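Right, one structure below, let's go through it.
The values are calculated or read from the model by the stated rules, or taken from the named source; none is laboratory data. Small disclaimer: the values here were computed from a predicted structure and weren't measured. FYI the Cβ positions are ideal-geometry reconstructions off the backbone, even for glycines, and counts take in every protein chain you see.
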Amino acid sequence: MQSFLKREIFDEQHDEFRHVVRRFTEKEVVPRLEEWAAAGRVDRELFRRAGETGILGMSAPEEFGGGGVDDFRFNAIVIEELARVGATAVSMSLCGFNDLVAPYFIAFGSDEQNRRWLAPLIAGEKIGAIAMTEPGAGSDLAGITTTARPDGDELILNGAKTFISNGLLADTFIVAARTDPEAGRSGISLIIVDADTPGFTRTGPLQKIGLSAQDTAELSFEAVRVPRSSILGSEGAGWTQMRQNLSVERLHIAVTSMARMRSTFDGALEHSMQRQAFGQRIADFQANRFYLAELATEIQIAQVFIDRCILEASGHALDETTAAMAKWWVTELHQRVIQRALQLHGGYGYMKEYPVAHDYLDSRVATIFGGTTEIMKEIIGRKITRPS
């Protein structure tokens, strides 16, 4: 199928970068996937290697070690190349920095903050994470209850976060907390917290049904004191800041699902053309040919839409509604593709040695994190039914 998926959004510079990322992936990632899955996390060395290769913080200013290229197409290439080899969990660790952590520093960090925190993250010397989700607040970020009470020149954090990617490995966290509990959404701030700060603890890795190599943890803040200078941007601006980056976060998830389903479909197509049953190839049964035709068509349509979104993100023109459309539609399509792909594999699809089985486990959470499918539809529905 790859042969007729013609994509015209990348130029020669992007193709050269893809070659670099593909070589990095084959050398540094593929040989260690099973080891990391067993350990429940990737190796810290992976971040250093990624930093040396130049695939961390591509859009960050050069003065902080970034690539100085504000073009989401480069971010998408890293996501696609990792997803192509089934390294979705690794993508969440590395690309999660590019798309979920770095943008906050780039957009709102002061020069002092970026020299102290962003530069070592880009170099891979330190690891970053973002802490928004709480035990009682997932898709509804306005419901967070973690507080950061001002006390002179300091803030005192109390609360808990859960499902935090890179939660065990991270040295630096961007924490969403209420600096003014009475101000509603206007009372939320983003605060930088170092992992070695007294009162801060973490537990994990949480035992998930998929994404075994991706470290996920719970965080606890008990009278954690940080200087008020650790606030990213202005105090009380956290809600607006989070909403500003959520579109890219959701596109990141959609791009991952898009790339992974293409690889899964290609594997199922190849298997169906090689596997024999009742004297003919699996692909020669009309029902299967129809299933393959339907999925190939939907994948082609979805890729065109995703490429449009990638271009819009590269030009800072991706709006919240379009990102929500991309996120729910592509992740749900991924579910349909993986269900049919596993079925075409028969009993082999249930064996963990086959990539389709790993994708079956790893893909399921895509319709949940970053905002559930239902929340995405709510965002779209409110927009299109709003009185003009």
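The rows are residues; the columns are (1) touching a helix residue (DSSP H, G or I) at 6+ places or on another chain (Cβ under 9 Å); (2) closer than 26 Å to Ser110 by Cβ; (3) buried (at least 24 other Cβ atoms within 10 Å of the Cβ).
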| position | (1), (2), (3) |
| --- | --- |
| Gly152 | yes, yes, no |
| Gly187 | yes, yes, no |
| Asp194 | yes, yes, no |
| Thr201 | no, no, no |
| Gly210 | yes, no, no |
| Glu218 | no, no, no |
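Quick one: would you say Leu168 is assigned to a helix (DSSP H, G or I) and either touching a His at 6+ places or on another chain (Cβ under 7 Å) or not assigned by TED's automatic domain parsing to the domain that holds Arg115 (or both)?
No: the conditions fail for Leu168.
I'd like the full set of residues that are among the hydrophobic types (A, V, I, L, M, F, W, C) and free of Cβ contacts under 8 Å to residues at least 40 places away in the same chain, limited to the stretch 256-274.
Once the filter is applied, which keeps residues that are among the hydrophobic types (A, V, I, L, M, F, W, C) and free of Cβ contacts under 8 Å to residues at least 40 places away in the same chain, the stretch 256-274 yields only Met273.
Scan the stretch 329-364 for residues that are among the hydrophobic types (A, V, I, L, M, F, W, C) and within 16 Å of Ala302 (Cβ to Cβ) and jot them down.
Trp329, Val330, Leu333, Val337, Ile338, Ala341
Please pick out the residue among Ala195, Ala170 that is at negative phi, among the hydrophobic types (A, V, I, L, M, F, W, C) and without any contact (Cβ under 8 Å) to a residue 40 or more places away in the chain.
It is Ala195.
Of all residues in the stretch 1-56, how many are of a type in the set (Ser, Thr, Tyr) and within 28 Å of Leu169 (Cβ to Cβ)?
Total meeting the criteria: 2.
Just one of Phe200, Phe173 is at pLDDT 95 or above and within 23 Å of the chain's Cα centre (by Cα); which is it?
Phe173
List the number of the failed condition for Phe64; all other conditions in (1) surrounded by fewer than 20 Cβ atoms within 10 Å (Cβ to Cβ); (2) under 24 Å from Arg115 (Cα atoms); (3) of a type outside the set (A, V, I, L, M); (4) without any contact (Cβ under 8 Å) to a residue 60 or more places away in the chain hold.
If we test Phe64 against (1) surrounded by fewer than 20 Cβ atoms within 10 Å (Cβ to Cβ); (2) under 24 Å from Arg115 (Cα atoms); (3) of a type outside the set (A, V, I, L, M); (4) without any contact (Cβ under 8 Å) to a residue 60 or more places away in the chain, just (1) comes out false.
Here's a check for you: in the stretch 33-75, which residue that is among the aromatic types (Phe, Trp, Tyr) and within 18 Å of Ala213 (Cβ to Cβ) is farthest from the chain's Cα centre (by Cα)?
Filtering the stretch 33-75 down to residues among the aromatic types (Phe, Trp, Tyr) leaves 36, 47, 64, 72, 74.
After this cut, where a residue has to be within 18 Å of Ala213 (Cβ to Cβ) as well, the list is 36, 47.
On the way: Trp36: 18, Phe47: 16 Å.
Result: Trp36.
How many of the residues making up the stretch 23-67 are on the phi > 0 side of the Ramachandran plot and of a type in the set (Ser, Thr, Tyr)?
Final tally of qualifying residues: 0.
Scan Leu100, Leu94 and give me the residue that is outside the structural domain of Asn166 (by TED's automatic domain parsing), touching a His at 6+ places or on another chain (Cβ under 8 Å), part of a helix (DSSP H, G or I) and crowded, with 22+ Cβ neighbours inside 10 Å.
Going through Leu100, Leu94 in turn, just one is outside the structural domain of Asn166 (by TED's automatic domain parsing), touching a His at 6+ places or on another chain (Cβ under 8 Å), part of a helix (DSSP H, G or I) and crowded, with 22+ Cβ neighbours inside 10 Å: Leu100.
Could you tell me which numbered condition Ser59 fails, if it satisfies all but one of (1) under 14 Å from Ala119 (Cα atoms); (2) part of a helix (DSSP H, G or I); (3) of a type in the set (S, T, N, Q)?
Among (1) under 14 Å from Ala119 (Cα atoms); (2) part of a helix (DSSP H, G or I); (3) of a type in the set (S, T, N, Q), Ser59 violates only (2).
Would you call Asp43 surrounded by fewer than 19 Cβ atoms within 10 Å (Cβ to Cβ) and closer than 23 Å to Gly238 by Cβ?
No: the conditions fail for Asp43.
Going by the conditions given, is Ala341 closer than 21 Å to Arg281 by Cβ and buried (at least 23 other Cβ atoms within 10 Å of the Cβ)?
Against the criterion (closer than 21 Å to Arg281 by Cβ and buried (at least 23 other Cβ atoms within 10 Å of the Cβ)), Ala341 qualifies.
Would you confirm whether or not the stretch 123-134 contains a residue that is outside any helix (DSSP H, G or I), in contact (Cβ under 8 Å) with a residue 60 or more places away in the chain, closer than 18 Å to Arg250 by Cα and aliphatic (A, V, I, L, M)?
Yes, some residue in the stretch 123-134 is outside any helix (DSSP H, G or I), in contact (Cβ under 8 Å) with a residue 60 or more places away in the chain, closer than 18 Å to Arg250 by Cα and aliphatic (A, V, I, L, M).
Quick test for you: out of Leu295, Leu344, Leu361, pick the one residue that is within 17 Å of the chain's Cα centre (by Cα) and farther than 24 Å from Met132 by Cβ.
Leu361
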